[in-house]
């Protein structure tokens, strides 16, 4: 088997992917590559098709046309539960947790889902080897360890979003998809979250959808710009900053 | 919800911790003192049986969040399975209890295979419809069930327990035997709640979409829980058949389904003790008010409404909330 270096570095690829809602084309023929162990940000103004594209990547939506390739496997149209087992984890724009369960239990239940005894109804759950410890580690990583016994509903908004990431990480994902993780956060919480994401990108492949361009320019390895459902630019943050088209469709709005 | 028994929601109350850890043991203690605090023996046995029935219902409603209006089918089905095994086939008492439990599980598997695809009002209606069908089936199949006269002659006189003969006609001996069996059932229930599946059950109640995104099969979880719940209801029904020496067609009536909902809500849904507290309170209401008036159900209904309006978490649920708040104010 011969693998080119470029092929190895790419974990996920979309080939001319489109998504239509009736007559409206939300995503139009987007061809892109995502690199392993790097942070790629997808940016664009409101209504650019970012969230639709994100939903295509995570399997929440089926593309109308085109193919999605994870490593060498065609995953076009694979349902979301299956993608979870293939290693694609996502967070939601709207917080989705188990509100009455403790932060620790939120992560522990997600870890349990990947074990063979996940439906065992007789063994005490405390005896599932290492789950609670691994859950505690993930809470440590996301800065929530001191809050581990709090019910998720009692956490602050920023903490809940961090907990979501801990839950997503529980699946030991090869690919972590984050949909506007800083939505509705205070500046302080946003800084915390960005620090967390940068840390994650050292060991994981992270794809980040973000509305606020300023947030991602400093931390991303690659940036993709969507506009009216089309990929209008792709490159390093420096290249994107210099790109004329991007300045017109995106940055331009702010200069006026 | 689900405070005692919530290993998941660790809140560190000192007062409740030992009780929470040994919840099955604590209920058994409650069961042990019951015959001395109730006015007469039969009432204590009644509380025992309905408490177990409600505990089984609570697994489905309080912990998973599915409201069944057809639990009579599982309770009555268990009672008939036990009664038929003893009366028609001459099987011993323990086989009757085993078949009652399995009968409850088999019926819930049948109902659940269809009903667990739905939820909310649709689930309630489908379970109700199935229970009503079973009622009419039992009503018609007179050769097996005795029809509207009920199944008579479920007589067990002596019970050999590890070579220890026990006079089953002696109400005290009978109570202890039943208390021991209910105690074992509660230990099993406590284990289930504490197991990995117990965690999935709560996760599904908390956020179905999230549970699915984690990779859990929500429909399969519902079905497993329904079948386990049916086992407890079936055992309770079988115990009632032995206690009364007869199975009446009323065990399958929709009023029985309503009764278990009321008891659970009265005591506190989603708590381990609540169903027993509810069964005890309900039995006492019935006992006291039926001495005054034949319309005691009217009063029981009024009390139930007051509870729903002012104590929606039930008696035990309220006590837990109150103690938790007290602890919170003390620690701050």
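Quick look at the values:
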| item | result |
| --- | --- |
| Residues A:105, A:33, sorted so that the one with the fewest Cβ neighbours within 10 Å comes first | A:33, A:105 |
| Highest-MSF residue in chain A out of A:26, A:172, A:113 [GNM, Cα springs under 10 Å] | A:113 |
| A:204, A:157, A:146 arranged by Cβ crowding within 10 Å, fewest neighbours leading | A:146, A:157, A:204 |
| Chain B: angle of helix B:41-58 to the longest principal axis, Cα-based, in degrees nearest 10 | 60 |
| Helix A:187-201 axis, angle to chain A major axis (alpha carbon atoms, nearest 10°) | 90 |
| Hull volume in cubic angstrom per residue (convex hull over the Cα atoms of the stretch B:289-332) | 73 |
| Kirkwood hydrodynamic radius of the stretch B:52-116, from inverse mean 1/r over distinct Cα pairs, in Å | 12.3 |
| Partner chain coverage, peptide A:106-115 - average Cβ within 10 angstrom | 5 |
| Compactness of the stretch A:113-184 - radius of gyration and Dmax, Cα, Å | 13.7, 42 |
| Kirkwood-Stokes translational diffusion coefficient of the stretch A:141-220, alpha-carbon pairs, 10 °C, 1.306 mPa s, µm²/s | 121 |
| Ratio of Rg to Rh over the stretch B:196-332 (Cα coordinates, Kirkwood Rh, two decimals) | 1.05 |
| Estimated D of the stretch B:139-240 in µm² per second, where Rh is the Kirkwood radius over Cα pairs and Stokes-Einstein applies at 25 °C, 0.890 mPa s | 144 |
| Taking chain B and dividing mean pair separation by its residue count, relative contact order in percent (alpha carbons under 8 Å, at least six apart) | 31 |
| Residue A:74-residue B:133 FRET efficiency (beta carbon distance; Förster radius 51 Å; 0.05 resolution) | 0.60 |
| All-pairs Cα distance distribution in the protein assembly as shown, expressed in whole percent, bin size 20 Å | 19, 42, 26, 12, 1 |
| Prolate/oblate/rounded label for the stretch A:1-120 (Cα gyration tensor, a/c 1.5) | oblate |
| For chain A, built as a Gaussian network whose Cα springs stay under 10 Å, the top-fluctuating residue of A:19, A:82, A:28 | A:82 |
| Length gained when the stretch residue B:325-residue B:22 is fully extended (0.36 nm per residue, less Cα-Cα span) | 106.9 nm |
| Dmax and Rg, reported as Rg then Dmax, of chain A (C-alpha, Å) | 18.9, 65 |
| C-alpha long axis of helix B:171-194 to longest principal axis of chain B, angle in ° | 40 |
| Global geometry of the stretch B:6-139, whether rounded, prolate or oblate, following the gyration tensor of its Cα atoms and the 1.5 cut on a/c | oblate |
| Relative exposure of B:318, B:63, judged by other C-beta atoms within 10 Å (fewest first) | B:318, B:63 |
| Beta bridges per DSSP with both ends in the protein assembly as shown, % antiparallel, nearest 5 | 60 |
| Taking all pairs of distinct alpha-carbon atoms in the stretch B:17-331, Kirkwood radius in angstrom | 19.8 |
| GNM top mover of A:13, A:36, A:150 - chain A, alpha-carbon springs below 10 Å | A:150 |
| Chain A: relative contact order as a whole-number percent, Cα under 8 Å and 6+ apart | 26 |
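No value in this document is a laboratory result; all are computed from the given coordinates. Note that the structure is predicted; figures quoted are calculated from it, not measured. As a convention, Cβ positions derive from the backbone with ideal geometry for all residues, glycine included, and neighbour counts pool all protein chains shown.
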